[in-house]
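The values are calculated or read from the model by the stated rules, or taken from the named source; none is laboratory data. Treat the numbers as computed from the prediction; the structure is a model and nothing was measured. Cβ atoms come from the backbone with ideal geometry, glycine included; neighbour counts cover every protein chain shown. These accessible areas exclude ligands, DNA and RNA; they are computed on the full protein's heavy atoms, side chains included. Shrake-Rupley method; radii C 1.70, N 1.55, O 1.52, S 1.80 Å.
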Amino acid sequence: QEQLVESGGGLVQAGDSLRLSCAASGRTYTNSAMGWFRQAPGKAREFVAAIGWSGGSTYYADSVKGRFTISRDNAKNTVYLQMNSLKPEDTAVYYCAARTFNTRVLVTAWNQYNYWGQGTQVTVSS
């Protein structure tokens, strides 16, 4: 089975950058599609970005397109989310997630991911 450990969250000011990391373990990692989600207090879980098993295919929510970049380094078993030009509305707990089936297609629905990290808090002040 897959295990995901997230890190890199913190308190930053608007306009700053932050890079989140998701360290993965498990024999199926290299064939897993990965995603990032976020959830603010009192709000529903929101899709942020997804990446295919080889790293060649990516997809972003409109709210982060052009500012965030998802990538993966399979030699290090790690997925990243580079966040630039952060805004206060980006404040949320960010979760790394993995899909180990039907991985040839990128999806945005949270219930299609079967492994989750513990989450890391990102707070962006004005």
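Numbers below:
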{"read-out": "In sequence order, calculated HN-Hα J values of region 80-85 (Karplus, 6.51, -1.76, 1.60; Hz; x Gly/Pro)", "value": "10, 10, 8, 10, 10, 6"}
{"read-out": "For the chain: accessible area per residue (Å², 1.4 Å)", "value": "51"}
{"read-out": "For region 105-112, 3J(HN,Hα) per residue [Karplus equation, 6.51 cos²θ - 1.76 cosθ + 1.60, θ = phi - 60°, Hz, x = Gly/Pro]", "value": "10, 8, 10, 10, 7, 5, 7, 8"}
{"read-out": "Sites Ala40 and Ala75 - FRET efficiency at Förster radius 41 Å, r taken between beta-carbons, to 0.05", "value": "0.75"}
{"read-out": "Percent accessible area from carbon and sulfur atoms, region 1-98, protein chains only, probe 1.4 Å", "value": "46"}
{"read-out": "Stokes-Einstein D (µm²/s) once Rh is taken as the Kirkwood radius of region 66-126 over alpha-carbon pairs, at 37 °C in 0.692 mPa s", "value": "244"}
{"read-out": "Protein-only accessible surface order, largest first, of Thr30, Thr103 at 1.4 Å", "value": "Thr30, Thr103"}
{"read-out": "Loop chymotrypsin sites (Phe, Trp or Tyr not before Pro), region 81-125, which have at most 16 other Cβ atoms in a 10 Å radius of their Cβ (DSSP)", "value": "Phe101"}
